[in-house]
């Protein structure tokens, strides 16, 4: 994937793993120029992050060579390009700067969290954790929600930052995100000894899984909230694997409902098993370790726990450090251990490792609209009430024979008053759910039909039009071989079956 120039705008865009990215400014025709700005949004603009270099643009103009954007700002060059599915943002310093700090302004959605990935402790290493060099002192950026739509809830990853001089000498920079300020600190000693220019290279990655790994062959269980208002049937299990030392190694996964657990402590003890699967051969992949379950239901606004057991510690699962602490472990268990229900008390407490295990579920459609009274024949007029059993659903209807849709038809507010024969159609819809079926009802108003033509069919299939009043003024129906087969309703409103 490459950055693409947006027509008539000083703006460039690209989509990386569901994250839509825009670099630059707005419409040049309104004299708004390119600005050193990165805007990222995900999940249909529900969540965004904006990174801005605070510089007032005057006559500076960017260049673009089909892959890389570059703009010169006094003693600096700012470059933007895509490499290996990540957005690279380089700040090139032509000479030694006055300060060893670079500050960037941030704007982001409420509920977006920046979790610092510190250097692992010796205890964590002995437990089987791994963290690459470029992940130490990086930030895992997570959204407040974790469910079907958001998967692990990870928005992006801000990797550890390097400073590299003209001769290839390099060092790690420190970074800090506090409030709405992102500070990059370059070691002063490096700036003093460097051969200029030097490049500072913030890297933004958009992978769903975590950037660290954990490979202890123990039972692990972590929370996974269904934070939407829909829920649905589980369709797929996912687990991101960092490393596999041996082939043909299995992973078992399960979902527990924690309705029975103590919500104040967040302890999964007592949770009920509702679904389990087996992945017969783990492979190194962000999203290829999948298994289809039986399709049991997860309900809306409920906390669940996802558990997994790797066959042995040869399988390392990806994770990020994140708050709150909601991962529990049972040490010393064997792979033959079956998932038990209810879940037994964890013996090793909880920590803040957010494992890259998630499930997909398919939200049920909106319930079909219901007409009351039902379709049929009525005298003079009828008022039809339309209801839907799905809470907060919107109903649209039509009376001209066209199919209603969320963007077509009349929104139902009060009963539909029908005075002439017509076809009533309705659909119900709600954000996040698939639309209901279109329901059709034929409402025949007798006073509207009597005196009009109806069809007469003889025994050999020939038909002709006759007038209802010429046959029986108080009935409607079909004439078969000169005999009236009564319509369902007689003029007095009494059904004649």
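The values are calculated or read from the model by the stated rules, or taken from the named source; none is laboratory data. As the structure is a prediction and not an experimental result, all values here were calculated from the model. Note that we place each Cβ from the backbone using ideal geometry, even for glycine, and neighbour counts take in every protein chain shown.
How many residues are in contact with a strand residue (DSSP E or B) (Cβ under 7 Å, 6 or more places away or on another chain) and at positive phi if we restrict to the stretch 157-199?
Going through the stretch 157-199 one residue at a time, the tally reaches 0.
Of the conditions (1) at negative phi; (2) surrounded by 12 or more Cβ atoms within 10 Å (Cβ to Cβ), residue 409 satisfies every one except a single condition; which number is it?
Checking residue 409 against (1) at negative phi; (2) surrounded by 12 or more Cβ atoms within 10 Å (Cβ to Cβ), the one that fails is (1).
I need a count of the residues in the stretch 155-175 that are surrounded by 18 or more Cβ atoms within 10 Å (Cβ to Cβ) and not in a strand (DSSP E or B).
5
Can you tell me how many residues within the stretch 58-81 are crowded, with 17+ Cβ neighbours inside 10 Å and either over 33 Å from the mean Cα position of the chain (by Cα) or under 24 Å from residue 109 (Cα atoms) (or both)?
Count: 4.
Among 209, 202, 187, which is within 22 Å of residue 76 (Cα to Cα), modelled with pLDDT of 90 or more, out of contact with any helix residue (DSSP H, G or I) (no Cβ under 8 Å at 6 or more places or on another chain) and crowded, with 22+ Cβ neighbours inside 10 Å?
Sole residue among the options that is within 22 Å of residue 76 (Cα to Cα), modelled with pLDDT of 90 or more, out of contact with any helix residue (DSSP H, G or I) (no Cβ under 8 Å at 6 or more places or on another chain) and crowded, with 22+ Cβ neighbours inside 10 Å: 202.
Name every residue in the stretch 18-34 that is at pLDDT below 80, more than 14 Å from residue 64 (Cβ to Cβ) and surrounded by 14 or more Cβ atoms within 10 Å (Cβ to Cβ), in order of residue number.
Answer for the stretch 18-34, where residues must be at pLDDT below 80, more than 14 Å from residue 64 (Cβ to Cβ) and surrounded by 14 or more Cβ atoms within 10 Å (Cβ to Cβ): 26, 32.
Sort out which residues of the stretch 64-75 are in contact with a strand residue (DSSP E or B) (Cβ under 6 Å, 6 or more places away or on another chain) and under 18 Å from residue 164 (Cβ atoms), and write them in order of number.
If the condition is that a residue be in contact with a strand residue (DSSP E or B) (Cβ under 6 Å, 6 or more places away or on another chain) and under 18 Å from residue 164 (Cβ atoms), then 68, 70 are the ones that fit.
Every residue, every condition in (1) within 27 Å of the chain's Cα centre (by Cα); (2) without any contact (Cβ under 8 Å) to a residue 40 or more places away in the chain; (3) part of a strand (DSSP E or B), yes or no:
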{"residue": "132", "(1), (2), (3)": "no, no, no"}
{"residue": "135", "(1), (2), (3)": "yes, no, no"}
{"residue": "139", "(1), (2), (3)": "yes, yes, yes"}
{"residue": "177", "(1), (2), (3)": "yes, no, yes"}
{"residue": "184", "(1), (2), (3)": "no, no, yes"}
{"residue": "190", "(1), (2), (3)": "no, yes, no"}
{"residue": "195", "(1), (2), (3)": "no, yes, no"}
{"residue": "204", "(1), (2), (3)": "yes, no, yes"}
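Test residue 113 against the stated conditions and say whether it is in contact (Cβ under 8 Å) with a residue 60 or more places away in the chain, surrounded by fewer than 17 Cβ atoms within 10 Å (Cβ to Cβ) and farther than 16 Å from residue 41 by Cβ.
Considered against the rule, which asks whether it is in contact (Cβ under 8 Å) with a residue 60 or more places away in the chain, surrounded by fewer than 17 Cβ atoms within 10 Å (Cβ to Cβ) and farther than 16 Å from residue 41 by Cβ, residue 113 comes out as yes.
For the stretch 417-431, enumerate the residues that are surrounded by 14 or more Cβ atoms within 10 Å (Cβ to Cβ) and under 37 Å from the mean Cα position of the chain (by Cα).
424, 425, 426, 427, 428, 429, 430
For the stretch 255-272: of the residues being under 25 Å from the mean Cα position of the chain (by Cα) and part of a strand (DSSP E or B), which is modelled with the lowest pLDDT?
That would be 257.
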